[in-house]
Amino acid sequence: MKKIFLSIFPIILIDQILKIYIKTHFELGKGVPIFFIFFGFFFVENPGMAYGISIAPGYFGKILLSFFRFIVVLFIFFFLYKNIKKKSSNYLIIPTIFILSGAIGNLLDSFLYGLLFDTGTIYNQESHKWISYSGISNIFPWNGGYASLMKGCVVDMFYFPIFNIYIPSWTPFFWRILIFQFFKPVFNFSDFIISIGIILLLIFKKKLNM
């Protein structure tokens, strides 16, 4: 247990420090470039999964996703605990630690951010749309948070548009101007860590000792 905690705590701490800083210092939909147009911080709030994927609309989908995240975290934790006890290969242990850390990071957003911050993206039952807000969020508000338990939105901030392709309207098979951007989704440190864990599992799958 101690080994698991010491492994995942620094990753979760970095993730939460980044998210809290972005939410309390950036306006929603605003950002700053770091390396010209290839990388920067861009603050968005995500009611869905990693990279903006959603499993169901509205608050029902939000609660379902939060519950799903909780079950996944429990499953990965017991899987990791079992394999540490078995002294499985680090080719399995280290990527699993990455995936668990990232999953916990996004779970904390979903479970707690609605309670911890005074403003956030909320779902409008009449228009059936997620409604954004203006201004800077404050943490630990005296008058309560913007949503109840399990209804918080995940904070995303990394914007990594590696390149843009401009396709003029006179190009064959295209009747209007198109701009293709790679990589468009905005993501966070937890998403990045989960992706690294999955990539490592794929790279070293022949060396896994389960």
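Return the only residue of ILE177, ILE136, ILE167, ILE162 being modelled with pLDDT of 85 or more and among the hydrophobic types (A, V, I, L, M, F, W, C).
On the way: ILE177 fails: modelled with pLDDT of 85 or more; ILE167 fails: modelled with pLDDT of 85 or more; ILE162 fails: modelled with pLDDT of 85 or more.
Of the residues listed, the single one that is modelled with pLDDT of 85 or more and among the hydrophobic types (A, V, I, L, M, F, W, C) is ILE136.
List pairs: first residue in segment 131-146 and closer than 17 Å to HIS25 by Cβ, second residue among the basic types (Lys, Arg) and not in a loop (DSSP other than H, G, I, E, B) anywhere in the structure, Cβ distance under 6 angstrom, at least six positions apart or on different chains.
SER137/LYS23
So is TYR113 surrounded by 17 or more Cβ atoms within 10 Å (Cβ to Cβ) and part of a strand (DSSP E or B) or not?
no
Residues in segment 10-37 that are within 17 Å of the chain's Cα centre (by Cα), surrounded by 12 or more Cβ atoms within 10 Å (Cβ to Cβ) and free of Cβ contacts under 8 Å to residues at least 40 places away in the same chain: how many?
Of the residues in that region, 2 qualify.
Check off (1) over 30 Å from CYS153 (Cβ atoms); (2) in contact with a helix residue (DSSP H, G or I) (Cβ under 8 Å, 6 or more places away or on another chain); (3) not hydrophobic (A, V, I, L, M, F, W, C) for ASN90 and give me the number that stays unchecked.
(2)
Can you name the number of the only condition in (1) over 29 Å from PRO33 (Cβ atoms); (2) touching an Asp or Glu at 6+ places or on another chain (Cβ under 9 Å); (3) modelled with pLDDT under 85 that GLY144 fails?
Only one criterion in (1) over 29 Å from PRO33 (Cβ atoms); (2) touching an Asp or Glu at 6+ places or on another chain (Cβ under 9 Å); (3) modelled with pLDDT under 85 is unmet by GLY144, namely (3).
Would you pick out the residues in segment 116-140 that are loosely packed, with under 12 Cβ neighbours inside 10 Å, outside any strand (DSSP E or B) and either out of contact with any Asp or Glu (no Cβ under 8 Å at 6 or more places or on another chain) or charged (D, E, K, R) (or both)?
Passing the criteria: GLN125, GLU126, SER127, HIS128, PHE140.
Among the residues of segment 71-89, are any assigned to a helix (DSSP H, G or I), in contact (Cβ under 8 Å) with a residue 12 or more places away in the chain and not hydrophobic (A, V, I, L, M, F, W, C)?
The answer is yes; a qualifying residue exists.
Can we say PHE70 is closer than 17 Å to PHE192 by Cα and modelled with pLDDT of 80 or more?
no
Among the residues of segment 51-64, are any modelled with pLDDT of 95 or more, small (Gly, Ala, Ser), part of a helix (DSSP H, G or I) and out of contact with any Leu (no Cβ under 7 Å at 6 or more places or on another chain)?
The answer is no, given that none of the residues of segment 51-64 is modelled with pLDDT of 95 or more, small (Gly, Ala, Ser), part of a helix (DSSP H, G or I) and out of contact with any Leu (no Cβ under 7 Å at 6 or more places or on another chain).
Condition check ((1) farther than 30 Å from SER7 by Cβ; (2) modelled with pLDDT under 95; (3) of a type in the set (Ser, Thr, Tyr)) across all residues:
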{"position": "LEU80", "(1), (2), (3)": "no, yes, no"}
{"position": "GLY105", "(1), (2), (3)": "no, no, no"}
{"position": "LEU108", "(1), (2), (3)": "no, no, no"}
{"position": "SER148", "(1), (2), (3)": "yes, yes, yes"}
{"position": "GLY152", "(1), (2), (3)": "no, yes, no"}
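The values are calculated or read from the model by the stated rules, or taken from the named source; none is laboratory data. Fair warning: this is a prediction, and the values are worked out from it, not measured in the lab. All Cβ positions, glycine included, derive from the backbone under ideal geometry; neighbour counts span all protein chains shown.
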